[in-house]
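To keep things clear, I will list the structure first and then write my remarks on it.
The values are calculated or read from the model by the stated rules, or taken from the named source; none is laboratory data. Worth saying up front: this structure is predicted, and the values here are computed from it rather than measured. Neighbour counts are summed over all protein chains in view; Cβ atoms, including those assigned to glycine, are modelled from backbone coordinates with ideal geometry.
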């Protein structure tokens, strides 16, 4: 079928567009938008917003979109594909309801043929997102692409080509290609189905009856195939042709997966440990809109930082994300949902799960099928009811559905053992001989001892039994005991505290049954405001979230605009990817205060040797190093050598502008160094046009050295056919709107994203 983007010419309206609304709110004028569009990101944040920290104090709202379009002639078939609409969507064509879709993350296809007419046609897409539906920022509206498919009487249905690898090695690959064909004519058709891959062609005669939709399976062999891997992500194109009628191109990769307790995870026969991170779907300053260039930038940066895997938490990612992972070689855990039957927030997915889990599972599998980057399906995140003998059966049903559709990938469930057994803690404590009074009084040592006990593992045995891989959230304390107790169980750290990486990674390397670690989080995100905040003194986990104006989680190896934070370099060193040390410096304004970050946070150390006003005052320098010893020098003066503990060394010194140097030593000889210099305050605005509308902004001195201590007010202006999609910084708690034309820099940086052709001007004051 002919496919084209259907993103232009939409009108955006607040409210549902009812007659009563029109009478009561005649001032609500629509405005023209180009999709993808996020209606939430431009809304005014207030501390009183019902969603609070969950969405970063952004409000939920019901909205709708309208579009008129002309059809000079009518073809036999028309489909609309929505890549993602958040959420509770109703699609109307010429006033008639054509489809409803509840899920906010799965794509859906609507056959609109019967509703169209020659000449003018009208569409309305209603999005009911007026109540709290999530524990993080979701966005609102048609935030991913929309496609229009147009075909004749005989065609390949949208997304109708599915390619799987049956066998593959360096000598040969055997593929199975399933093609779904529809005949909307009134006659029997005898046609030729032709498929070509890399010069190899197979043909098959096909008879298809009037009104029939048929799946045709062909087998193809390729000699000396180029296998897809994270290191060499080679992709093929398959040309599928209904000779004389229709043609479609499908991109895919050839690779094999294998899994066993002795050798762990293997791709194309090579053992691999997953160096993973969890990500949410938003792109920070542009909100939830799916932006191809920002997606490629994110995956590329994560790859360069040492990651080889991401977990799309807690929902199916877009095809844009999967395309980027295919192209760049990033492995993917694709997740179904955050809730089954028990709610975590008032109107989350639990309200729809029982009725819609099957179609949403099918949609997730269809989305992933041709993407070699996807190696895992996760059937849920921290599902509390998995210890219940009745509710746990949902997991078995989901697994059976996935395996019937796609037996080539592995299935996990990301289970938080403590949360799953919360209601049974007193009972299980008695069985394990634990002191329940100490546990209830906050004795963390006693709690960990209980959670590591055999008695805790038994209620979850069924939930883990039907999975290929047991997903453990924050439960590395069970790795060794469960490997010994369950010799066939394969474990992945599906969600882990970032600061626990050193211990966790040691266990991954030691235990073949533990195949990887996914830290929370790889990239900062909107919502769950303040979970990674810096705290001082005797802070507790009860102080977890940030009050308004907090907007972002404040955690992640990368900040909201895509700059690496110090913890990312520590992670790179722990993984063994970086030989040189890395310098970061704690905020001298809090010298002497106890650092109490949340369990998803890090210290307040930043990459800076600019602290004007603190000359001669005490300061703590953190040096990350995998060497035997590391030495710190300031302006050539040594502050001694230390043996790093868990790849960290702490030097207490005084702030003296100039040059800070860290030197690694192995066997007494230098093995790497890092340097940090003080920037001057003769500030210049440096812009880096990354292409595709992405411009990075830095405040640098005359030598091009970033000055994180400097702050300017930046003003943005555009000329021509250009619009600003987002203008902001990584500041986790300012009150600026990302659509303001004037913002203050944060740590010497900012980012602006534009769409369309024109001229962008950035000025500072």
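Being under 27 Å from the mean Cα position of the chain (by Cα) and at positive phi narrows it down to one residue among 502, 497, 474; which is it?
Details: 502 fails: at positive phi; 497 fails: at positive phi.
Exactly one residue qualifies, and that residue is 474.
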Which of the numbered conditions does residue 227 fail, given that it passes all the others? Conditions: (1) surrounded by 13 or more Cβ atoms within 10 Å (Cβ to Cβ); (2) part of a strand (DSSP E or B). (2)
Can you name the strands (runs of 3 or more DSSP E) wholly within segment 677-738 that have at least 1 residues being touching a residue at least 60 places away in the same chain (Cβ under 8 Å), in contact with a strand residue (DSSP E or B) (Cβ under 7 Å, 6 or more places away or on another chain) and surrounded by 14 or more Cβ atoms within 10 Å (Cβ to Cβ)? 684-691, 694-700, 722-728
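Residue-wise test of (1) outside any strand (DSSP E or B); (2) surrounded by fewer than 18 Cβ atoms within 10 Å (Cβ to Cβ); (3) in the same structural domain as residue 316 (by TED's automatic domain parsing).
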site	(1), (2), (3)
395	yes, no, yes
403	yes, yes, yes
411	no, no, yes
424	yes, yes, yes
437	yes, yes, yes
450	yes, no, yes
457	yes, no, yes
461	yes, yes, yes
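Would you check if residue 376 is in the same structural domain as residue 342 (by TED's automatic domain parsing) and not in a helix (DSSP H, G or I)?
Values: in the same structural domain as residue 342 (by TED's automatic domain parsing): yes; not in a helix (DSSP H, G or I): yes.
Considered against the rule, which asks whether it is in the same structural domain as residue 342 (by TED's automatic domain parsing) and not in a helix (DSSP H, G or I), residue 376 comes out as yes.
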Answer yes if at least one residue in segment 194-215 is in contact (Cβ under 8 Å) with a residue 40 or more places away in the chain, touching a helix residue (DSSP H, G or I) at 6+ places or on another chain (Cβ under 9 Å), at negative phi and surrounded by fewer than 19 Cβ atoms within 10 Å (Cβ to Cβ), and no otherwise. no
Considering segment 627-656, residues that are outside any strand (DSSP E or B) and within 38 Å of the chain's Cα centre (by Cα), and then whichever is surrounded by the fewest Cβ atoms within 10 Å (Cβ to Cβ), we arrive at 643
With a cut-off of at least 1 residues that are out of contact with any strand residue (DSSP E or B) (no Cβ under 9 Å at 6 or more places or on another chain) and more than 20 Å from residue 314 (Cα to Cα), name the strands (runs of 3 or more DSSP E) lying wholly within segment 77-135. 96-101
Keeping to segment 46-70, report how many residues are over 16 Å from residue 16 (Cβ atoms) and modelled with pLDDT of 95 or more. 7
With criteria (1) closer than 30 Å to residue 334 by Cα; (2) in contact with a strand residue (DSSP E or B) (Cβ under 7 Å, 6 or more places away or on another chain); (3) assigned to a loop (DSSP other than H, G, I, E, B), residue 58 comes up short on (2)
